[in-house]
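Reading through the structure tokens given below for one structure.
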Amino acid sequence: MSEVKYLTEFYHLPEFKGIEGYKKNGGYVELGKALKMQPQEIIDVVKASGLRGRGGAGFPTGMKWGFLPKNGEERYLLCNADEGEPGTFKDRMMMERAPHQLIEGMIISGFAIGSKKSYIYVRGEYDESINSLLAAIQEAYKAGYLGKNILGSGFDHDMDVYRGAGAYICGEETGMISSLEGLKGQPKLKPPFPAVQGYLKKPTIVNNVETLAAVKYIIRDGAEGYRKYGTEKSAGSKLFSLSGNVNKPGNYEVPLGYPLKDMINVLGGGIKNGKKLKAVIPGGSSAPVLTAEEAMKATLDYENLAAAGTMLGSGAIIVIDDSKCMVECLANLTHFYHHESCGQCTPCREGTGWVDKIVHSILSGKGRLQDIELLVKVADNMKGRTICALSDAAALPIISFVTKFRDEFEYFVKEGKSKVKGTAYKGHAYAATASH
Amino acid sequence: MQQQPLINCTINGVALQVKAGTTIIEAMYENSQKIAHYCWHPGLSIAGVCRLCMVEIEGNPRLQIACNTVVTEGMKVNNTSEKVKDAAKWGLDFHLINHPLDCPICDQAGECGLQEQYMEFGKYNSEMAEKKQKKHKVVDLGPTVVLDSERCILCSRCVRFTDEVSKTHELGIFNRGDHAEIGTHAGKPLDNKYSLNTVDICPVGALTSKDFRFRQRVWFLKDQETVCNGCSTGCNVKVYFNKEGVFRVKPKRNDAINGHWMCDEGRDIYKFVNKEHRMIKGHKLANGVWNTELHAGAAAKDAALSLQGVTGNDIALVVTGQHTVEELEAIVSTFVNTYKTKNVYHWWNSEATASEFDGILLRGDKNPNTKGLQQVFAKHGITTKFSDLDPSKVKHLVVVGPENVPVYKDFTAKLEFFAKASNLIYMTAAKVDSLVANKNLAVGGKTATIIPLKTFVEKAGTFVNHAGVSQTFKKVTTVVSEALTLVEAAALLAGQEIKVETLNPKNLLVAANERADKVTLDFRKKNEFIFQRGKL
Amino acid sequence: MAVMQNTSEKSKWYLPGIFTGLWITWKHMIKNIGNKEQMITLNYPEEKYEYSPRFKGNHILTVKKDGAIRCTACMLCATNCPADCIKITASEHPDPHVEKYPISYEIDMLRCVFCGFCEEACPVDAIRLGPEWQTPGLNGANFTYDIKQLAYRPGLKGGVQSVVDDQERLKSGI
């Protein structure tokens, strides 16, 4: 297997960004095709294609669409472009290089689920993505792909871009819905699920940028055509954001089931500065870390990574070489989750702060040996106890870091300095207790 | 009515039948099973944020929250397994790690949700060695409420209250994560007529009432249920008191009348009950000199003497809707039967605004028993109008004054008006200094008597509220022991004797054939101070 | 109860006993005059016995570094008091870190049984039972000690400082 150019086929063309270039390279063909189909047909094709959510949870997209109530009630399609997961930058490239690809996928999806209005919730920092999307939507309206009676099919669809304000939690679907409604971006209690009661208490489907863009290709190639790449249960190709200590970091599209080893060594060009691989976080900062041995065996698909005790997540592969201190890496993560916890559920609000304080007290040389055990215990009790998955996301890396690299933590507690670097922590001198 | 289908479920091994749509926590509450919780409140929407009401459902590997899980047919729930206990313990620990240890100066201590749940489900040593989160203390939220953010556990009950019940939306949670705080928007303080309910529903000492703050420790107070006499809604309330007087009023749940709430006005009703605002001694004016040290009973007897033989149009009675049905019946029948007069007038301060209603609880009629008074009048066939009363024509005027004086806006003017009678007998629970100082009274050989009465907390009786619901309540406590109830005063005015109720020796705590120093365990339990606080 | 009486002949010879007793008295008197330091009695009230600091005598309300009263008016002493002799009126302190303090603190010394439960109940080392034990007074009112007497009576020389350090407490985040 090697790298593929399926979604990213024309990404190298600057003209692909505009509607003319897009149409020249096969754009908006599938829209016409889809509008002639029955909505249920499209849902069935998507179901058969085995497309799974590319945002992190990997929930089968067709099944999600099937949860919508079968009535004429007003419903919404939301595109989750609040790409907040540390290490992920694939959606940004898709929105900047091929905004029409997303828009076309969204119109098709909107037609399939019967939604007349959709929103793209873009992360506030993605200035260029927002501009490119806004321009593309303008073009699509002018060309008659959006608005009333699209391509004479009688289907109306409106699209808008909503700019987030930079909260990680708004990447969670119900948190995003709250934010879109003008409320504080806090996840909502489930049930009711968004497919039943979401944006403005109407049935709502929330999908990732890459998922929606892939819909266009499923229509083009059919379910079987889409299954050309990938494995039985993880169909299709996926974009991976490779970062960390590799020679060639960047976005790579590979079929699911691609070996992680090749991703690092072949596509990534090996570890930077000739260092040795120590650990890999395979699916964004929320995914449990893999050691070098585990990473060598892993393949990039939902099942294999789940079997390895981690997850595919958003496809952000963070490579860590052996010159990095794992305690410091964890401190970076706990600080992030402490900062981003919305503060609604107690275990997450207090737990993320607590583990952050513990890790920083270890870093400052004041750690106690029982703190290491305590970290795992606290994380264990944050896991699965909250409304959304943020506390799981915060807890899983902690558990995996501490259990897999326990010797480094113990060394830091006993000696007050890093085992790898041999020096005390000199990181940015923020106090864990300071209010932000 | 169509019978709703009942759903079978098993909670902690007890087979139950509940209505469709009932959540697990409601089912557990209805069957008085214990479950830890903070954010859930039966009168508010579900937030599901405290994550304390974890239960184990058979067939589900993950623990679920009981407040947002609807009971389904055949569901088997338990919250006594080790897994659930551990989850509750950790849930509490997360609540407590940043909670300051200022229980000694916290007003909530003694009725605090955290303390209770800790004793019930927690009991462990904290493993947190790091510093606690610092937040704002003693934040002035508005005219009635003070906030201590450090104590707050962000259950969002108060926020939901202002959003859902009072619909004033003053409160919100600001900031994120563990520096989130409750607060008000700039220029919009927590100032509504129901603001103090947020203090009641606050499970910790984060919100405290400015009125009650630091006045008493709650374990020095006892409580007794009664009916609020602030307006014609007739909210069920709990009055908290000790030997020094009454200290606060809190609502008691009654879904038919007031739900879980009461208004801020109603919370002030304890104030006129306390001694400093009360008429303690009987007063008598004779020959231009006030005798201010008369016993209440003696004053009533003197008044009865001055009314001896008076009948018909020489005498009139003025009553307000602030007294119980039993009392009004006693005084009106005394006038109808003993004094053979139907000159009984209804002094109604808020007749014009009586039909006003704010949509939640507050009503324009500031008397708790106007309906009851009208029923008594109807029974005796009295159809007088207050405007027809002319005190200068009736020689003997008996007035049963209101106890909640602040709601009688024209009180002083009315007193002047009554003072025109040549013999005024004024019965009141409230202090009426203006009457004693009234110079109109002291001239022309007029006589006047003031008889101290008991307030609504000092007697049992019945109020009939605006909707005609009659609510009987019990005596709460005694504040002014020598004051008379209106029933007693009516009997004395009728020339009868009243007896002090004494306990029959046989009914005394010690039976006659037992050793005098033997006290049964039962009584000891009763005698022990048991602080009854409502469910969270 | 029967009283044992010594009615023997020998008991009638009482004079030797008296002289023995007088001799002992004389011996001690002369010894004391000769060596005043070793004298075991005190010339009360000119001389007073200093009890151990752990003696449960009159109460002391401790003070903070700035001399303000340490007590937070939590009323745990009053709750714990078996004699019901402590009466506290609390009020709002202008400093939000102190929050609550007593505007009146009265102990009825005549009711007090000096059990020390108040000292044990106090969470902030605000009340102690001191070594003073002489409590003269002319009438009942003199025995109701207020803050002035409990914290700042002349014998305490401006107040006994509590071991609880506020700055330290606030810094450590308690």
Tilt, helix B:370-380 to longest principal axis of chain B (alpha-carbon atoms), in degrees rounded to tens, equals 40
If I fit a long axis through the Cα atoms of helix B:82-96 and take the longest principal axis of the Cα atoms of chain B, what angle between them do I get, 0 to 90°, rounded to 10? 70
Tabulate in residue order the Karplus-calculated ³J(HN,Hα) for region A:398-415, using 6.51 cos²θ - 1.76 cosθ + 1.60 with θ = phi - 60°, rounded to whole Hz; enter x for Gly and Pro. 4, 4, 5, 4, 5, 6, 7, 10, 4, 4, 5, 5, 5, 4, 4, 5, 6, 9
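Before anything else, pin down the relative contact order of chain B: Cα pairs under 8 Å, at least 6 apart, normalised by residue count, whole percent.
Numbers: 1036 pairs, mean separation 64.9, N = 536.
Relative contact order for chain B comes out at 12 percent.
For the protein assembly as shown, what is the mean residue ellipticity at 222 nm derived from helices alone (per DSSP H run of n ≥ 4: -39500 (n - 2.57); sum divided by total residues; nearest 500 deg cm²/dmol)?
Details: 34 runs with 331 residues, N = 1146.
Calculated mean residue ellipticity at 222 nm is -8500 deg cm²/dmol.
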GNM on chain A, Cα springs under 10 Å; top mean-square fluctuation among A:Ile317, A:Ile281, A:Ile399 goes to A:Ile399
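How would you rank B:Val398, B:Val71, going from fewest to most other Cβ atoms within 10 Å of each one's own Cβ?
Values: B:Val398 30, B:Val71 26.
If I rank by nearby Cβ atoms, fewest first, I get B:Val71, B:Val398.
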How much space per residue, in cubic angstrom, does the convex hull of the C-alpha atoms of region A:14-226 take up? 111
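Among B:Lys210/C:Lys100; C:Lys64/C:Lys87; B:Lys210/B:Lys474; A:Lys36/A:Lys70; B:Lys409/B:Lys454, which pairs are too far apart, with a Cα-Cα distance over 24 Å?
On the way: B:Lys210/C:Lys100 13 Å; C:Lys64/C:Lys87 21 Å; B:Lys210/B:Lys474 29 Å; A:Lys36/A:Lys70 20 Å; B:Lys409/B:Lys454 22 Å.
Over 24 Å apart, Cα to Cα: B:Lys210/B:Lys474.
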Anisotropy class of chain C from Cα gyration tensor, a/c 1.5 cut: prolate
Checked against a 22 Å limit on the C-alpha separation, the offending pairs among B:Lys446/B:Lys499; A:Lys184/B:Lys167; A:Lys278/A:Lys421; B:Lys238/B:Lys379; A:Lys201/B:Lys252; B:Lys85/B:Lys137 are B:Lys446/B:Lys499; B:Lys238/B:Lys379; A:Lys201/B:Lys252; B:Lys85/B:Lys137
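Per the Kirkwood definition applied to all pairs of different Cα atoms, how many angstroms is the hydrodynamic radius of region B:278-493? Don't skip to the answer; put the middle values down first.
Working: mean 1/r = 0.0577 Å⁻¹.
Every distinct Cα pair counted, the radius reaches 17.3 Å.
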If a/c stays under 1.5 just call it rounded; otherwise compare a/b with b/c (prolate if a/b is bigger, oblate if not). Do that for chain A, with a ≥ b ≥ c from the square roots of the Cα gyration tensor eigenvalues. prolate
Paramagnetic reach from C:Asp66 in region C:112-126 [backbone N under 20 Å; point 7 Å along Cα→Cβ]: C:124-126
Peptide ranges B:347-353, C:103-109 listed from the most packed, as the mean C-beta count within 10 angstrom indicates: C:103-109, B:347-353
Angle check, please: helix A:209-226 long axis (alpha carbons) against the longest principal axis of chain A (alpha carbons), in degrees 0 to 90, nearest 10. 60
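So if R0 is 60 Å, what FRET efficiency would B:Ser333 and B:Asn125 give, r being the distance between their Cβ atoms, rounded to the nearest 0.05? Present the calculation step by step, with values, prior to reporting the outcome.
Details: r = 68 Å, r/R0 = 1.13.
FRET efficiency, B:Ser333 to B:Asn125: 0.35.
For region C:59-162, how big is Rg over Rh, using alpha carbon atoms and the Kirkwood form of Rh? Let's see the in-between values first.
On the way: Rg = 13.0 Å, Rh = 13.9 Å.
Computed over Cα atoms, the ratio is 0.94.
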Using a Debye calculation, one point per C-alpha and no hydration shell, please list log10 I(q)/I(0) for region B:6-96 at q = 0.14 Å⁻¹ in order. -0.44
Using the number of other C-beta atoms within 10 angstrom as an exposure proxy, rank B:Ile498, C:Ile30 with the fewest first. C:Ile30, B:Ile498
A correct Kirkwood calculation over the Cα atoms of region B:127-275 returns a hydrodynamic radius in Å of 16.4
Within region A:39-95, report the chymotrypsin sites (Phe, Trp or Tyr not before Pro) that DSSP leaves as loop and that have at most 16 other Cβ atoms within 10 Å. A:Phe67
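Return A:Leu374, C:Leu15, A:Leu290, B:Leu63 ranked ascending by Cβ neighbour count within 10 Å, so the fewest neighbours appear first. Don't jump to the answer; show the numbers that get you there.
Working: A:Leu374 18, C:Leu15 8, A:Leu290 26, B:Leu63 21.
Neighbour counts put them in this order, fewest first: C:Leu15, A:Leu374, B:Leu63, A:Leu290.
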Residues meeting the amide H criterion for B:Leu207 (H placed from the backbone, H to H distance under 5 Å, 5 or more places apart or on another chain) are B:Asp148
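I'd like the antiparallel share, as a percent to the nearest 5, of DSSP beta bridges with both residues in region B:207-259. Mind dumping the intermediate values first?
Details: 13 of 13 bridges.
So the antiparallel bridges in region B:207-259 amount to around 100 percent.
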Mind listing P(r) for the protein assembly as shown? All alpha-carbon pairs, 10 Å bins, whole percents. 2, 8, 13, 15, 15, 13, 10, 9, 7, 5, 2, 1, 0, 0, 0
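Any read-out appearing in this document is the output of simple, stated calculations on the displayed coordinates, not a laboratory observation. What you see is a predicted model, and the numbers here were worked out from it, not measured in a lab. Glycine also receives a Cβ, built like all others from the backbone with ideal geometry; neighbour counts cover every protein chain displayed.
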